[in-house]
Amino acid sequence: MRKKWKVAILLLTVISLLGGCFAEKPVLEELDPEGKVKIKVMYHNEESFYRDYGNGFDANFNEKYPNIEFEVISLIKMYRDIEKNGTSYEEEYLKLIENNKPDILFATETDLFEKLAQEGKLYNLDPIITQEKFDVDSYMPGLIDMMRDYGDGSLYGLAPSFYTSNLYYNAELFREYQIDPPRNQMSWKEVLELSKRFAGLGSEDKPIYGLTEDFGRVEELLFGIAATSSLRALDPKGEKLAFNTEGWKEAMELVADAVRSRAVFAPLEEDVRYLQTEPFLRGEVAMVFGSGMFRDQLLQGPMQNDGQEMEWNMVTVPVDPASPDESPFVELNGIYAIAADSANKRAAWEFMKYVNSPEIAKAVSRSPHAGLQTRSGFTKEIAGKSTESFYLLRPKAGGGSIWGGSNVNRPDEFRFGFPNLVEKQLHEMIENGKSAEAAAAAIESEGNALLEQARAAQKAQKANAGTK
């Protein structure tokens, strides 16, 4: 019996020793403490990189990793080349990668990020995240799921910040007229019905409107409603417009009726190109469907109305009743990824890990104009207002663009001209009683002609650039 115990103890000792010999191999080899390494990082430009990640970032990161240096690969020149050569964002972005071989890629277009991930050009972060127990659980709901969708189930990138739209409202106006304020997760029909309760209020010289889009653009309000309902303006191949549908016609009727009834502020004669913060602060508009730009302007502008501080608040954007927990307006400020062919993956990962860490999210969130951190729980208040509405909705599956993808070939001539076509037809409906059927058919016909013309001009420009 004693001999069997001795054998058992011997076996356990051997197993323990073998466990030590065959300990889990690191996914990425540790950095050489004596060696210097320079990593190439894509970013807007060098100045903005050190503005956004300078000072405290440099001090803390350099203290921990004194042997890592940065070379910033600027995206600014790429934008100039797009304009000069008539090329697409994707073409110039891929050219920039090929010519500079960055270790860290910075993608502002989610469709391009998805393309790079699925073509095997990005490093799969899952093994290193698992091994180092990197926290991915404290991100806002749905973010990591969305990122995994781009990589067919694998995680190829991380995003530290985002922006989104909200429904801002003047609490004083609602209280003055004894109207219940908006709430989170209302549908567009509910919001427009609520806005109609303000129609006819105020005076002839200073009427009160229930709602406006942050630039007062009637077509942009339509596009917001369409994105919520997952309407697409192009056919599945992205070749031609598919605007003459029941969904688009219903959305156009909804908008036209709201403007016609003076529930929605959308000037039909003057060309409004400024944010509607002033009418909102003056008490002329009860609610604004506002982007991050509107929020920033609201925070920076004079928070005064007739010499008194105005009481405002915010709730979530309107939602699709079929998916009330999703928003198509969640946009990432940029996705960081590691190039699959990088020779400096460990150093690149240390940078990625640091920039996307809870510690950095906590530090950055202290700045009043730092933007929204994708990690929940750090940006709890903005100007004394709860940020619950920013984090309540998950990013909408498939994104929120009416074009079905930001890398769809939409030349500038079409991109700037198409909204004007839609605006013109909406005005025809509002002022002259044109039917939604006729307006949608006109938009599709004229839009296809404009798209064909713009793509032909783009093709000629590219051919011209190639001969120089």
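Each reported figure results from applying straightforward, stated rules to the coordinates on display, with no laboratory input. If you're wondering where the values come from, they're calculated on a predicted model, not measured in any experiment. All Cβ positions, glycine included, derive from the backbone under ideal geometry; neighbour counts span all protein chains shown.
Treating only the Cβ of Lys, Arg, Asp and Glu as charged (+1, +1, -1, -1), what charge dipole size does segment 108-192 show about its Cα centre? Round to the nearest 20 debye. List each step's numbers first, then the result.
On the way: 7 positive and 15 negative charges, 25 e Å.
Dipole about the Cα centre, nearest 20: 120 debye.
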| GluC sites (Glu not before Pro), restricted to segment 214-279: which are DSSP loop and have at most 16 other Cβ atoms within 10 Å? | Glu239, Glu269, Glu270
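Could you tell me whether segment 92-226 comes out rounded, prolate or oblate from its Cα gyration tensor? Rule is a ≥ b ≥ c as square roots of the eigenvalues, rounded for a/c under 1.5, then prolate if a/b exceeds b/c, otherwise oblate.
Values: a/c = 3.75, a/b = 2.38, b/c = 1.58.
Because a/c hits 1.5 or more and a/b exceeds b/c, segment 92-226 counts as prolate.
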| Looking at segment 146-216, which GluC sites (Glu not before Pro) are in a loop (DSSP not H, G, I, E or B) and have at most 11 other Cβ atoms within 10 Å? | Glu204
| message | Between Ala343 and Arg415, what is 0.36 nm times their sequence separation minus the Cα-Cα distance? Round to one decimal in nm. | response | 22.0 nm
| query | On the first, second and third principal axes, largest extent first, how far apart are the outermost C-alpha atoms of segment 152-238 in Å? | reply | 56, 32, 21
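Assuming R0 = 51 Å, can you tell me the calculated FRET efficiency for the pair Asp180 and Lys237, based on Cβ-Cβ distance, to the nearest 0.05? Don't skip to the answer; put the middle values down first.
Working: r = 45 Å, r/R0 = 0.89.
The calculated FRET efficiency here is 0.65.
Tell me which GluC sites (Glu not before Pro) from segment 83-140 have a DSSP coil assignment and no more than 15 other beta carbons within 10 Å of their own.
Here the sparse-neighbourhood loop sites are Glu119.
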| query | Measuring from label point to label point, each 7 Å out along Cα→Cβ, what is the Leu31 to Arg282 span in nm? | reply | 5.5 nm
| query | Using 7 Å Cα-to-Cβ label points, what is the Glu309/Asn464 separation (nm, one decimal)? | reply | 5.6 nm
| query | Hey, can you list the DSSP H helices of the chain whose Cα span along the axis is 27 Å or longer and whose average Kyte-Doolittle score is at least 0.5? | reply | 2-21
| query | How big is the antiparallel share of DSSP beta bridges in the chain, given as a percent to the nearest 5? | reply | 60 percent
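State the extension gain, in nm to one decimal, for the chain segment bounded by Arg148 and Glu250, taking 0.36 nm per residue of separation less the distance between their alpha-carbons. Walk me through the numbers on the way to the answer.
Working: separation 102, 0.36 × 102 = 36.72 nm, distance 3.39 nm.
Stretched fully, the Arg148-Glu250 segment lengthens by 33.3 nm.
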| note | With the dipole of the chain defined by +1 on each Lys or Arg Cβ and -1 on each Asp or Glu Cβ, the option from Gly400, Thr108, Gly238 whose Cα lies farthest towards the positive pole is Thr108
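On average over all directions, what projected area in square nanometres does segment 154-295 have, based on the convex hull of its Cα atoms? Numbers along the way, then the final one.
On the way: hull surface 45.7 nm².
Here the figure is 11.4 nm², rounded to one decimal.
Assign unit charges at the C-beta atoms only (+1 for Lys and Arg, -1 for Asp and Glu), then state the dipole size of the chain relative to its Cα centre in Debye, rounded to the nearest 20. Present the calculation step by step, with values, prior to reporting the outcome.
On the way: 53 positive and 74 negative charges, 400 e Å.
About 1920 debye.
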| remark: Classified through the alpha carbon gyration tensor (a ≥ b ≥ c as square roots of its eigenvalues; rounded if a/c is under 1.5, else prolate when a/b is larger than b/c, else oblate), segment 316-456 comes out oblate
| field | Viscosity 0.890 mPa s, 25 °C: Kirkwood-radius Stokes-Einstein D of segment 64-147 over Cα pairs, µm²/s | value | 159 µm²/s
| So what's the Cα pair-distance distribution over the chain, bin width 10 Å, in %? | 4, 17, 25, 24, 17, 8, 3, 2, 1, 0, 0
| note | Extension length gain for Glu91 and Asn62 (0.36 nm per residue less Cα distance), in nm, is 7.0 nm
| Please state the Cα pair-distance histogram of segment 214-274 with 5 angstrom bins from zero: what percent is in each bin? | 4, 17, 24, 21, 16, 11, 5, 1
| Positive-end residue of Gly153, Met42, Tyr89, charge dipole of segment 35-158 with Cβ unit charges | Met42
